Amino acid sequence: MLLIIKVGGSVIRRGLDPLVSEVPGLVRDGFRVVIAHGGGWFVNELMERMGMKPRFVTSPSGVVSRYTDLETLRVYVMGMMYLNKELVGRLQGVGVRAIGLSGLDGGLLRARRKESLVIIDERGRERVIDGGYTGKIEGANTDLVTKLLDDGYVPVIAPVAMDVKTGGPLNVDSDQVIEALAQSMTPNYALILTDVDGLLIGGNVVKRLTPEEALALFKNPEVKGGMRRKIYMAAQLASKGVYTIISNGTVENPIRSALAGLGTHITASR
């Protein structure tokens, strides 16, 4: 069974013990595991220590993302690759054959730099700005990932992609990473692990959704911040036949708990 798992930065920040301790048993039981991770909070901390101020922009659809100029890109790559190696080291420490990768390694994630961005400015008006060093993933070298899985490795992938024009690094959202991988590899499950139990509406977890219902909730004012991006991406994957779960990565046995029903499950059929 193939599992593609996104570990959110909020999970890493609160502690990796539940996730790390679960992976060896999954591998022994025959699961093929691919992990992508975030870590924006760590990038923010590094920038602030360097006297830099993180900048965020809001799209017309309400999605908030980091604005990445050249100096920010350098700190972003440094921070994400540190977290990548920390996660790999933790997995190696419990006997998992983990290998850490960025999207530049082997052309794993190929992206095109966004020439411009449409944002909502502080006055609530739409404005076009330079795209900086943010990219949109156009393709993934899943042959490399499959080979590593066949050789018994657990690939751990940082959200840094390769610019198709220059070969240089680009900032890409980690949700984009699992979307690109899942579309090509058709896993049994795509898991999005965060620090809440799933999509919350009225304080309650929405247990099950079709892609159409998920897209409708994307416009709900209760769905804010990073959850907007997650629910949109989950709807896209489910519409292509990938069973997608948004669940809590800080609980005991977070992966098996999600597979057993914890979280919000988005599937193409009820």
Quick count over the stretch 197-208, residues being touching a helix residue (DSSP H, G or I) at 6+ places or on another chain (Cβ under 8 Å) and either within 11 Å of VAL242 (Cβ to Cβ) or buried (at least 17 other Cβ atoms within 10 Å of the Cβ) (or both), is 2
Q.
Would you confirm whether or not the stretch 76-92 contains a residue that is closer than 13 Å to THR134 by Cα and of a type outside the set (Lys, Arg)?
A. yes
Matching residues in the stretch 111-152 (free of Cβ contacts under 8 Å to residues at least 60 places away in the same chain, of a type outside the set (S, T, N, Q) and under 27 Å from THR58 (Cβ atoms)) number 18
Filtering strands (runs of 3 or more DSSP E) wholly in the stretch 114-185 for at least 3 residues that are closer than 26 Å to PHE42 by Cα and among the hydrophobic types (A, V, I, L, M, F, W, C) gives 116-120, 154-157, 160-163
Okay, strands (runs of 3 or more DSSP E) sitting entirely in the stretch 1-66 with 2 or more residues that are in contact (Cβ under 8 Å) with a residue 40 or more places away in the chain and out of contact with any Gly (no Cβ under 7 Å at 6 or more places or on another chain), I get 2-7, 32-37, 56-58
**Asked** Does GLY132 fit the bill of being over 29 Å from LEU217 (Cβ atoms) and either surrounded by 15 or more Cβ atoms within 10 Å (Cβ to Cβ) or of a type outside the set (A, V, I, L, M, F, W, C) (or both)?
**Response** yes
Flagged in the stretch 5-22 as hydrophobic (A, V, I, L, M, F, W, C) and under 12 Å from SER247 (Cβ atoms), in numbering order, are ILE5, VAL7, VAL11, LEU19
Filter the stretch 231-270 for residues that are polar (S, T, N, Q) and either part of a helix (DSSP H, G or I) or touching a Cys at 6+ places or on another chain (Cβ under 9 Å) (or both); the one that is surrounded by the fewest Cβ atoms within 10 Å (Cβ to Cβ) is SER239
The residue that is farthest from the chain's Cα centre (by Cα), considering only those in the stretch 60-103 that are crowded, with 21+ Cβ neighbours inside 10 Å, of a type in the set (Ser, Thr, Tyr) and closer than 12 Å to LEU46 by Cβ, is THR72
Going through (1) at pLDDT below 95; (2) buried (at least 20 other Cβ atoms within 10 Å of the Cβ) one by one, SER10 fails only at (2)
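The values are calculated or read from the model by the stated rules, or taken from the named source; none is laboratory data. Bear in mind that the values here come from a model prediction, so they are computed numbers and not experimental data. Don't worry about glycine lacking a Cβ; one is built from the backbone with ideal geometry, like all the others, and counts go over all protein chains shown.
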